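Worksheet for the structure shown next.
The values are calculated or read from the model by the stated rules, or taken from the named source; none is laboratory data. Because the structure is a prediction, the values reported are computed rather than measured. Virtual Cβ from ideal backbone geometry, glycine too; neighbours counted across all protein chains shown. Just the protein is used for accessible areas: all its heavy atoms, side chains included, with ligands, DNA and RNA removed. Shrake-Rupley method; radii C 1.70, N 1.55, O 1.52, S 1.80 Å.
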Amino acid sequence: MPLPENNTPWPPPQFGAEYAAMRVDDAWYAGDRKRLTQVYAGDQLRPDGRRRLWGRRPPSPGQRDTRLHIRLAADIANTSASLLFSEPPTFTIEDTATQTRLDELTEAGGIANTLLEAAEVAAALGGVFLRVTWDASLAARPLLTAVHADSALPEFRFGILSAVTFWHELPSDNATVWRHLERHEPGRILHGLYQGDADRLGMRVPLVEHPEVAALADSLGEAGDTIETGLPDALTAAYIPNMRPNRAHRGSPLGRSDYQGAHDLFDALDSTWSSWMRDIRLARARLIVPDGYLRSNGAGNGASFDADREIWQTLNIPPTETGAAGITLSQFAIRVAEHQQTAEAIVRQAVQGAGYSAQTFGLGDATAVTATEVVARERRSMITRDTKARYWAPAVADMLHVMLRLDRILGFSTVAAETRPHIQFGDAVSEDPQSTAQTLALLAQAEAASTDTKVRILHPDWSDEQVQAEVDRIREESGTAVPDPITGAPGPPLVPVPQSEPELPFAA
């Protein structure tokens, strides 16, 4: 299928409902108050008939906007990504030379950071795309990048991504919108430049018409707008859904956001905090005093403001009038407990609806515990993490395999890439160093583990060579290694010879 025809409506209408939902999710994820106001300008009421906080009209010029936004949505997306990729995953493949090149690609390209970024975007927008590309002038290796789901038009067959068109808007003026489209198909990548407006793709023009993609046109040369990848059986892009099914759009191949069904809770949380801050503003202390108690600056001298005046307010009450109030203290109460309990209840509902435990967000007992106890308390979050990991593993393995194959086709290396790499996710919760040290001390005291075993417990990510080197150093420092009498090299550790117990006299 070629690139879209001229004057096609844009974004494409086939995913119009999903794109509209992403626009709302993106506003909450960004935490931009102006974007939230724009999103809810035409949808001002909640299902219960109450006006949304961000559906109200913005204040007039010169007035202060007292609405407060709490970035719970961003916190949920960040937590989701951290559970998956806070500890870098491990990528392995059978061939030794290929493993060495794979390590070079993942470390030099910072793929662990790319996955962390992609996972956060996926949690917010319902999914993310991974794309493999290359630029020999930048790096002598294929590059793995993340593309946001609201900048892509995917095509699925039986739930499998068969092609995808990425787009992004180039620097434009007010009347014209320039868009660069990049279509990935098995075996090739197509590029196109369109000149249109906000709602229409417009006319397709040569790539040299815009300076942002003119260099791309030079690299394509006689190929025109097509790059042959040399992989007729593989796609240089993959889609990773955040979670499925998409409850709001049943049957859609796109994933669902962690925010699905939580927008009104986010709005209620902002309303709660705005009310809390309003209580604080209204509770500023005031002394109501008759203005006859105050000293005038004199006729014709005008009036002056004293900073200390923030504690008192004048009223035109004659000080000698019968029943005059005199000096009166006025201060409203701040409903701290009520607002705090309400806010915590809303946060609990929002994060549990997204599939996480309240303890993951600091709600509940904050006493320091071991990693095993943390996993037990946050079991719901761990289940959600494992579920998401099953969506990530196949797609990441596919893209790493494509990178290795392209690496050889493009001449960056000569290693074989016959099999897909295997991905092993890191621990979501790191073990407390003090707890590990206590465990090792107890094992040493009980003589229940060898030095090799204890080193492996302390450094589970070390290779056999690193473990053996550390064991040898420990034996040398502790004096438990016997040097070889000929070479002088450290030998096996000293093994104490058990002493036979003395015979006891026979007692009749």
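A 1.4 Å probe run over the stretch 143-296, with the rest of the protein chains in place, finds 49 Å² accessible per residue. Using θ = phi - 60° in the Karplus curve 6.51 cos²θ - 1.76 cosθ + 1.60, the 3J(HN,Hα) couplings for the stretch 56-66 round to 6, 5, x, x, 5, x, x, 9, 8, 7, 8 Hz; x is entered for Gly and Pro.
Of 156, 266, which has the most accessible area and how do the rest follow, probe 1.4 Å?
156, 266
Which order do the peptides 391-397, 125-131, 23-29, 57-63 take when ranked by the mean count of other beta-carbon atoms within 10 Å per residue, highest first?
Working: 391-397: 19.0, 125-131: 25.7, 23-29: 21.7, 57-63: 8.1.
The peptides rank, most packed first, as 125-131, 23-29, 391-397, 57-63.
The order of 382, 203 by accessible area, most exposed first and with a 1.4 Å probe, is 203, 382. Remark on residue 139: its backbone amide H falls under 5 Å from none of the residues 5 or more positions apart or on other chains, H modelled at 1.01 Å from N. The Rg/Rh ratio of the stretch 1-134, with Rg taken over Cα atoms and Rh as the Kirkwood radius over Cα pairs, comes to 1.12.
Normalised by 2.2 N^0.38 Å, where N is the number of residues, the alpha-carbon radius of gyration of the stretch 67-179 equals 1.33.
3J(HN,Hα) along the stretch 230-237, derived from phi through the Karplus expression 6.51 cos²θ - 1.76 cosθ + 1.60 where θ = phi - 60°, amounts to x, 10, x, 9, 9, 9, 8, 8 Hz, with x in place of Gly and Pro.
Round to the nearest 0.05 the FRET efficiency obtained for residue 449 and residue 139 when R0 = 35 Å and r is the Cβ-Cβ distance.
The formula returns an efficiency of 0.20 here.
The gain in end-to-end length when the residue 457 to residue 352 segment is fully stretched comes to 34.4 nm, 0.36 nm per residue minus the alpha carbon separation.
Electrostatic tally near residue 337: other residues with Cβ closer than 15 Å to its Cβ, Lys and Arg +1, Asp and Glu -1, net -2. Note on residue 478: accessible area approximately 70 square angstrom, rounded to 10, probe 1.4 Å, nucleic acids and ligands left out.
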